[in-house]
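The values are calculated or read from the model by the stated rules, or taken from the named source; none is laboratory data. Remember, it's a predicted structure, so these values are computed and weren't measured experimentally. Heads up, the Cβs are rebuilt from the backbone with ideal geometry, glycines too, and the neighbour counts pull from every protein chain shown. These accessible areas exclude ligands, DNA and RNA; they are computed on the full protein's heavy atoms, side chains included. Shrake-Rupley method; radii C 1.70, N 1.55, O 1.52, S 1.80 Å.
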Amino acid sequence: MWELQWHCRRLYRKHFAPLAVSSGNARNMYWNMNTDYGICAICKLILFCSPAGTTHIYKSYLRKEEENEFYNFVNIDGTVKELLNINESLMKAHDKDNPFEVLIQDLVQDNKQKSEWQLSNILFVEFKASVGGKKCTLNYFNMPMYLAQFFSKQDKQISGIYNGKLRASVVDQLIKQRDLKHLLIPILREKIKDILEDKKGFSILGSDCYKIAKIRFFINRYKGGKLEVDDKKLKIVRYAGENIREKYIKANSKNKLGGIAYRLLNTAKVGNKKDFMDTLLRIFVSAEEDVPLVFLDVMAEKELNFEDIAYAFISGLVSDKYDPSKVDNKEEK
C-alpha cells in the first residue's frame, strides 16, 4: 500500500489530469485556460489516501502477468453510505475471477427496474502503480444504457458460461465496451486447431463459444434500440452447425470439419459474405441437407447480421452432439 501512496504523491505533486494528453493540449479543462494552476492541499491529501479505499484484484484470465494486478474502486450516484456498501461488496468478492461480475449480479437480483438505473449510473475505476514503475496506469469506464439493459434483462446469459475464466473475461470486455468478436475469434481458432490435430487439449467448450456469440447478438440489439430481443433464429443456426457436424462424423468425414470451419472463420473475419455462402452451400449439399431459410439473412441482414450467423454456425460446427428436439421452430425443423 505504501508503494502506491509514494507513487501517487510523486505523480500528483503539481496537478492531476487523467486524460492521456499533455496539459497544453487540454487547456479547456483548466480554469481560464491557465494550465499552471496546481491542485489544492485537500486534493493532494485525497489523492494521497486514495489507495486505502480500493480493492486489490488479480485478473487470472489475463495472459500477461504484468497486467494482472489492479486496484479497483466503484463510484455510484448515491449517498456515502451506499458508496461504502458497494465497495465493501467488491472487497468481499476480490478473490473471484472478476469481482465486477459478482457486483453486477448483486445489483440485478435486487430489483430489475432499479438495477437498470443503478448500472447506468455506475463508474468503474482501476489503476496500478509501483515505486519502480515509470508510469501509473489508470482505466475508468461507465456503463451505457444499452449495457445496463442487457445486464438487467439478460443476466443469466453471463452466468450460463461454463468456463469461469472465460465468463470473467467476457464481463471485463463488456464493461470496457469492446466487441466480443475479438475474444471469440481466437477461441474458435483454438477449437478448430484441436479438430485439425485430432486432440482435446483446449478447455473451452463449443457451447461456451455459442454463448459468447449470443451475448454479442443481444448487446448489438440493445445497442440498436431494441427493447425486446428474440434469439430463436440464432439457435436454429447453431443447431444447423451441430447437425452438419454429426452428418460428417457419421459419413467418416470428421477430418474435413477443421478445414471447413477454418475457411468459414476466415471469411467471417474479413466480412466476405460471398465466399462464406459458397462454402456453406457446398457443406449442405455434401451432407445432403436442405439449407435453412434463416441463412438468407447473411445477405439481407434483417433479423440476424452476417457475423451473428457466421459465429453461431461455426460454434455449432465445433460443438457437441446435435439434438433436433432443441429446435423450437417447426418450419425450420
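So the values come out like this:
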| read-out | value |
| --- | --- |
| Selection within segment 245-269 - free of Cβ contacts under 8 Å to residues at least 12 places away in the same chain and within 14 Å of Ile314 (Cβ to Cβ) | Asn266 |
| Helices (runs of 4 or more DSSP H) wholly inside segment 153-241 that include at least 2 residues being among the charged types (D, E, K, R), farther than 21 Å from Asp297 by Cβ and touching a strand residue (DSSP E or B) at 6+ places or on another chain (Cβ under 7 Å) | none |
| Selection count where residues are farther than 18 Å from Ala268 by Cα, of a type in the set (Phe, Trp, Tyr) and within 18 Å of the chain's Cα centre (by Cα), scope segment 183-230 | 2 |
| Pick from segment 155-185, criterion open to solvent by less than 70 Å² (accessible area, probe 1.4 Å) and over 28 Å from Val125 (Cβ atoms), ranking: modelled with the lowest pLDDT | Gly160 |
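Per-residue answers, yes or no, for (1) farther than 26 Å from Lys153 by Cα; (2) open to solvent by less than 40 Å² (accessible area, probe 1.4 Å); (3) of a type in the set (Ser, Thr, Tyr):
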site	(1), (2), (3)
Lys235	no, no, no
Tyr248	yes, yes, yes
Val270	yes, no, no
Lys274	yes, no, no
Arg282	yes, no, no
Ala312	no, yes, no
